[in-house]
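K.L.:
Following this message is one structure expressed as structure tokens.
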Amino acid sequence: MQLRIKLAALAMAGGTAALVLAGTPALASSHASSKAITGPETAYGVIYGKPATADNPTTPLAWEGLVDAHGVFAPNGPAPTKGQDHTFTTSTGNLTVAATAPPTESHTFNLKNCHFSFTTYVVFAAVGGRSTGKFARTSGPVAVQVYGAGYAPRYTSGPKKGRCNTSSNAPELAKGAVASFLLTAVLTTP
């Protein structure tokens with residue numbers, strides 16, 4: 001009997017969630033075009049293997065939320081510093097953002113298996129006046145996480161044989177390499 005009640009409650013909760021989720025797009029589209037709409041925006045992409053070992057890997061991105069689009073993330077240097085702008089180019093326009101805080105970074109390295117990882121976080125604000133297309137005049141907070149991981153090779157001879165080769169010219173191994181990009185935002189469109 002208790003199992004039947006729990007299943008009925010679960011079915012009711014699922015039905016309620018489905019109604020809320022189904023009604024959300026209708027509510028968003030029922031606003032007059034002159035009213036601002038606020039909602040989530042995400043962009044995500046990941047690559048594996050040899051492409052992830054590039055110095056500045058190019059990651060295809062899928063954009064979803066207020067604006068559905070596609071694009072790529074191709075870093076061309078260090079993370080933006082506070083106050084510096086960055087423009088994300090997509091199939092439906094460019095989203096320009098300004099860093100509102102210094103980037104934060106974390107790094108790990110395991111000497112037993114030669115595995116390394118890094119994560120960079122940057123907080124931005126949308127700059128609607130310099131954004132284009134469907135992103136024109138948008139505003140709101142934006143957060144970006146860039147992640148990379150892989151394995152360093154081991155020395156195969158000499159006094160360091162078997163140890164991790166952490167020299168700057170040591171090639172990262174393609175097996176196990178990953179690079180990902182995640183953008184999350186709450187944007188307001190005019």
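K.L.:
Out of contact with any Gly (no Cβ under 8 Å at 6 or more places or on another chain) and modelled with pLDDT under 85: is that true of residue 95 in this structure?
P.N.:
For residue 95, the condition - out of contact with any Gly (no Cβ under 8 Å at 6 or more places or on another chain) and modelled with pLDDT under 85 - is not met.
K.L.:
How about the stretch 98-119: which of its residues are in contact with a Gly (Cβ under 9 Å, 6 or more places away or on another chain) and farther than 30 Å from residue 162 by Cα?
P.N.:
98, 99, 100
K.L.:
Another question, then. Could you tell me which numbered condition residue 178 fails, if it satisfies all but one of (1) in contact with a Ser or Thr (Cβ under 8 Å, 6 or more places away or on another chain); (2) open to solvent by 20 Å² or more (accessible area, probe 1.4 Å); (3) part of a strand (DSSP E or B)?
P.N.:
Looking at each condition in turn, residue 178 falls short on (1).
The values are calculated or read from the model by the stated rules, or taken from the named source; none is laboratory data. Please read these numbers as outputs of a predicted model, since none were measured by experiment. Every residue, glycine among them, receives a Cβ derived from its backbone with ideal geometry; neighbour counts consider all protein chains shown. Remember, those area values only see protein heavy atoms, side chains included, never the ligands or the DNA or RNA. Shrake-Rupley method; radii C 1.70, N 1.55, O 1.52, S 1.80 Å.
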